[in-house]
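Let me begin by presenting the structure, written as structure tokens, before commenting on it.
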Amino acid sequence: MSAVITPQLVDVVDTFTSVRNYSSGTARQLTTCRVEPWGLRTECPTPEDPFSECEVTWLLPDLGLRLTYHRPRSRHARSTPSVLTAVRVQRDTRSWRTTDLLLGLAVPGGTTARIVRSEEFAAAVAGQVLRAPDADLALRTVHRTLEEISYQRHDISSWLSSMGIYDSWPPMPEI
């Protein structure tokens, strides 16, 4: 069984209208869309997901990462891991464009982070959907981040603090 090769995934967040446009052609209205000193904070409901009520995403352009957390619908549900994905970020006054580099880390909290999406990444490299410079960037970004997080005992909040980002992760729901 081999991984399916997909075209590059490019999402665009319009910070004026608070809309995230996906490469698939779909768009989603964001409930939170704020430019922060460290990057972009977004949040949107996930009505199609029976287990999560919303997706929280932070774009960290200086680190080349997208940090994602799916907030569970039930307070008693098992927490899902946070996912750090290597991305290339381009931004201007109105929009933030991310190109997914198809490699990331799942950080469950309290246990070791692990590399994820490696089969999809390998298929994209083999199929030349992901060019060599982007593949190298993804590998360097994920391995650097794994090393940095391991120094913080695989705790994302501690890692973010060591990067000068003092906002709590995962963020509490806004009222």
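Residues are listed down the side, and each one gets a yes or a no for (1) of a type in the set (Asp, Glu); (2) over 28 Å from Glu147 (Cα atoms):
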{"position": "Gly25", "(1), (2)": "no, yes"}
{"position": "Glu48", "(1), (2)": "yes, yes"}
{"position": "Tyr69", "(1), (2)": "no, no"}
{"position": "Arg94", "(1), (2)": "no, yes"}
{"position": "Arg131", "(1), (2)": "no, no"}
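All conditions in (1) more than 26 Å from Ile115 (Cα to Cα); (2) exposed (fewer than 13 other Cβ atoms within 10 Å of the Cβ) hold for Arg78, with the sole exception of (1).
Scan region 156-168 and give yes if some residue there is under 15 Å from Leu67 (Cα atoms), touching a Gly at 6+ places or on another chain (Cβ under 7 Å), touching a residue at least 60 places away in the same chain (Cβ under 8 Å) and not hydrophobic (A, V, I, L, M, F, W, C), otherwise no. Checking region 156-168: not a single residue is under 15 Å from Leu67 (Cα atoms), touching a Gly at 6+ places or on another chain (Cβ under 7 Å), touching a residue at least 60 places away in the same chain (Cβ under 8 Å) and not hydrophobic (A, V, I, L, M, F, W, C).
Hey, any hits in region 96-109 for a residue that's surrounded by fewer than 20 Cβ atoms within 10 Å (Cβ to Cβ), modelled with pLDDT under 95 and not in a strand (DSSP E or B)? Working first, answer last.
Taking region 96-109 first, the residues surrounded by fewer than 20 Cβ atoms within 10 Å (Cβ to Cβ) are 97, 99, 106, 108-109.
Still in the list and also modelled with pLDDT under 95: 108-109.
Next, from what is left, pick out any that are not in a strand (DSSP E or B): 108-109.
Yes, region 96-109 contains at least one residue that is surrounded by fewer than 20 Cβ atoms within 10 Å (Cβ to Cβ), modelled with pLDDT under 95 and not in a strand (DSSP E or B).
Among Gly64, Gly25, which is the only one that is surrounded by fewer than 14 Cβ atoms within 10 Å (Cβ to Cβ) and either over 21 Å from Gly104 (Cα atoms) or in contact with a helix residue (DSSP H, G or I) (Cβ under 7 Å, 6 or more places away or on another chain) (or both)?
On the way: Gly64 fails: surrounded by fewer than 14 Cβ atoms within 10 Å (Cβ to Cβ).
None of the other options fit; the residue is Gly25.
Only one residue in Ala113, Ala135, Ala124 is touching a Leu at 6+ places or on another chain (Cβ under 6 Å) and closer than 20 Å to Leu63 by Cβ. Which one? Only one candidate passes the filter, namely Ala113. Among the residues of region 37-54, those identified as open to solvent by less than 40 Å² (accessible area, probe 1.4 Å), of a type outside the set (A, V, I, L, M) and closer than 20 Å to Arg91 by Cβ are Trp38, Gly39, Arg41, Thr42, Glu43, Cys44. Only one of the numbered conditions (1) under 18 Å from Gln8 (Cβ atoms); (2) open to solvent by 20 Å² or more (accessible area, probe 1.4 Å) is not met by Pro72, and that is (1). When region 29-54 is filtered for residues that are at pLDDT below 95, part of a strand (DSSP E or B) and among the acidic types (Asp, Glu), only Glu53 remains. Remark: pairs (first residue in region 94-114, among the basic types (Lys, Arg); second residue open to solvent by 10 Å² or more (accessible area, probe 1.4 Å); Cβ separation under 6 Å; 6+ apart in sequence or on different chains) = Arg94/Phe16; Arg97/Val12; Arg97/Gln90.
The values are calculated or read from the model by the stated rules, or taken from the named source; none is laboratory data. Please read these numbers as outputs of a predicted model, since none were measured by experiment. No Cβ is skipped: glycine too gets one built from the backbone with ideal geometry, and neighbour counts run over all protein chains shown. Surface accessibility is based on the protein's heavy atoms, side chains included, excluding ligands, DNA and RNA. Shrake-Rupley method; radii C 1.70, N 1.55, O 1.52, S 1.80 Å.
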